[in-house]
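Participant: Before I ask anything, here is the structure I am working with.
The values are calculated or read from the model by the stated rules, or taken from the named source; none is laboratory data. Quick caveat: nothing in here was measured; it's all calculated off a predicted structure. Cβ atoms come from the backbone with ideal geometry, glycine included; neighbour counts cover every protein chain shown.
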Amino acid sequence: MVRLEFAIDLQYTVAPPGADFVFNIQAAQTSHQRIADEALKISQAIPFAIQTEAATAARFLRMRAQAGTLTVNYRAKLDIEHHIADPDKIDETPINQLPLAALGYIYPSRYCQSDRLALLAINEFGHLPKGYRRVEAVCAWVHRHIAFRPNSSSSTTSALDTLTDRAGVCRDFAHLMIAICRALSIPARFATGIDYGADPALGPTDFHAYVEVFLSGRWYLFDPSGTAIPMGFVRIGTGRDAADVSFATIFGSVSSLPPTIVIKAITAPGDIWDVPQRRPEALSTDLTVCDLSIPSST
């Protein structure tokens, strides 16, 4: 188990007559990620609502801000419990046995055009034995063929664009890996957190996109960009691609400063918490182990 503490500070200048905001910056509260303490501060005295998506536990903070300066500060301390498994004992799940909760993640989506990558997927990975190791090979292939290059993509960059440009940031790596997995009929989804353990040379601490792939009844973590440490991934948002889990969706005329984010692991002699580190085993922090049983028709 790891204990992490992080803070997110956002600052905006809102033009008249105001703007609507939907934030996805709060840690999800799940059976594997438990919030010990958290605080939210909003500079304007305005009504707001926090709504939780039942399927993924993602929390959405909604408000209409007045013209002027708006700051949003969120801090949390949480414990993450990892399921650790032997990669060689993890199988792919046949389509006819996929639970409904995973079925939606085998289809193409806005940024993950898996229907356009079928030939690539089969040529590169169709010959490999099915299971965790094949997905691991997809992750390694994306990491090897795409260069991490800050500011090399935009909010409209898709998996096909990344494959053509051969460069991108973490969300682009994630979209391409997800698209290839789905082209192989393996459910894969987009998750957001914070880039714990990233090299400071890449820039200030930032939001991070990673991948979860459904295998043997669980969602297993993968980081095709290789920039952060999966054991330190906080779960914030989970969706089909970045369109579902943007940290801020804004309706109105707004300017902003870059987010200020800090994250650290908490540990001390005698504590039960581990320091996040890279591990060769398969890691999962999914909400529950999905029921793979499908009733037979009579």
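Participant: Name the pairs: first residue in the stretch 145-162 and more than 12 Å from A179 (Cα to Cα), second residue modelled with pLDDT under 95 and not in a loop (DSSP other than H, G, I, E, B), Cβ to Cβ under 7 Å, at least 6 apart or on different chains?
Facilitator: Within 7 Å, the pairs are P150/L202.
Participant: Among what's in the stretch 229-277 and is of a type in the set (K, R) and under 22 Å from R75 (Cα atoms), pick the residue that is farthest from the chain's Cα centre (by Cα). Steps first, please.
Facilitator: Here is the first cut: in the stretch 229-277, the ones of a type in the set (K, R) are 235, 240, 264.
Of the ones still in play, those that are also under 22 Å from R75 (Cα atoms) are 235, 264.
Numbers: R235: 7, K264: 18 Å.
Only one residue tops the list, namely K264.
Participant: Could you list, in sequence order, the residues of the stretch 16-40 that are of a type outside the set (V, I, T), over 29 Å from M231 (Cβ atoms) and in contact with a strand residue (DSSP E or B) (Cβ under 7 Å, 6 or more places away or on another chain)? Write out each step before concluding.
Facilitator: If we filter the stretch 16-40 for residues that are of a type outside the set (V, I, T), which is where we start, we get 16-21, 23-24, 26-29, 31-34, 36-40.
If we keep only those that are over 29 Å from M231 (Cβ atoms) as well, we get 16-21.
Passing the criteria: G18, A19, D20, F21.
Participant: For residues in the stretch 165-176 being under 19 Å from I186 (Cβ atoms) and hydrophobic (A, V, I, L, M, F, W, C), which is farthest from the chain's Cα centre (by Cα)?
Facilitator: Residues of the stretch 165-176 under 19 Å from I186 (Cβ atoms): 173-176.
Those still in the list that are hydrophobic (A, V, I, L, M, F, W, C) too: 173-174, 176.
On the way: F173: 12, A174: 8, L176: 14 Å.
Among residues in the stretch 165-176 that are under 19 Å from I186 (Cβ atoms) and hydrophobic (A, V, I, L, M, F, W, C), the one farthest from the chain's Cα centre (by Cα) is L176.
Participant: Okay, next question. Please specify each residue of the stretch 213-228 satisfying the condition of being assigned to a loop (DSSP other than H, G, I, E, B) and either modelled with pLDDT of 95 or more or hydroxyl-bearing (S, T, Y) (or both). Steps first, answer last, please.
Facilitator: Looking only at the stretch 213-228, we keep the residues that are assigned to a loop (DSSP other than H, G, I, E, B), and these are 216-217, 223-228.
Result: S216, D223, P224, S225, G226, T227, A228.
Participant: Would you say L40 is surrounded by 12 or more Cβ atoms within 10 Å (Cβ to Cβ) and within 20 Å of F233 (Cα to Cα)? Let's see the steps before the verdict.
Facilitator: Values: surrounded by 12 or more Cβ atoms within 10 Å (Cβ to Cβ): yes; within 20 Å of F233 (Cα to Cα): no.
Judged against the criteria, L40 is not a match.
Participant: May I pose another question? Given the conditions (1) in contact with a strand residue (DSSP E or B) (Cβ under 9 Å, 6 or more places away or on another chain); (2) more than 29 Å from P276 (Cβ to Cβ); (3) outside the structural domain of H32 (by TED's automatic domain parsing), which single one is not true for I90?
Facilitator: Failed condition: (2).
Participant: Next question. Applying the selection to the stretch 195-204, what residues are surrounded by fewer than 22 Cβ atoms within 10 Å (Cβ to Cβ) and within 21 Å of A58 (Cβ to Cβ)?
Facilitator: The answer is Y196, and nothing else.
Participant: Here is a list: T162, T205. Which entry is hydroxyl-bearing (S, T, Y), modelled with pLDDT of 95 or more, farther than 13 Å from A242 by Cα and within 17 Å of the chain's Cα centre (by Cα)? Let's see the steps before the verdict.
Facilitator: Numbers: T162 fails: within 17 Å of the chain's Cα centre (by Cα).
On inspection, the qualifying residue turns out to be T205.
Participant: Of everything in the stretch 233-274, what is of a type in the set (A, V, I, L, M), part of a loop (DSSP other than H, G, I, E, B) and over 28 Å from P200 (Cβ atoms)? Give them in sequence order. Lay out the reasoning, then the answer.
Facilitator: Filtering the stretch 233-274 for residues of a type in the set (A, V, I, L, M) gives 234, 236, 242-243, 245, 248, 250, 254, 257, 261-263, 265-266, 268, 272.
Filter once more, keeping what is part of a loop (DSSP other than H, G, I, E, B): 234, 236, 245, 257, 266, 268, 272.
Hit for the stretch 233-274 is I272, nothing else.
Participant: Among the residues of the stretch 110-149, what is the count of those that are more than 24 Å from E92 (Cβ to Cβ) and within 18 Å of the chain's Cα centre (by Cα)?
Facilitator: Going through the stretch 110-149 one residue at a time, the tally reaches 2.
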